[in-house]
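Values quoted throughout were computed directly from the atomic coordinates according to the rules given, and no laboratory measurement underlies them. Computed from a predicted structure; not experimentally measured.
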Amino acid sequence: MDSLSTHTRIEEVSDVDIESIHFTRDYILAYGTGAVSVSLQYGSDGDLDRGDGVESNDSFPFTFTARLNPNGTILELQDFEVDTSSFYKDSE
């Protein structure tokens, strides 16, 4: 997501949905989806102050795989992938 703008900031994570859970003796594997809303800033803060920069907002879907302990605490985020393909399609 860093390649989308000069400064990409995560604003909100929403619509998190656990699609599948696999239990083992020692941990839980959770597979799911969600959405991440970001602020996209083009140019520096100084550029924005002078009116030379631009800011916009966008939202992208993501998928994840997480390993949790039996209490549900995340031990490891094994996979996290954000689909930014709509950003590039919109700019064509």
Checklist entry - Over what distance in Å are the Cα centres of the range 59-81 and the range 1-52 separated? => result 13
Checklist entry - With contacts defined as alpha carbon pairs under 8 Å and 6 or more residues apart, what's the relative contact order of the chain in percent? => result 25
Item to check | Relative counts (whole %) of C-alpha pair distances in the chain, using bins that are 10 Å wide | outcome: 15, 36, 25, 16, 7, 1
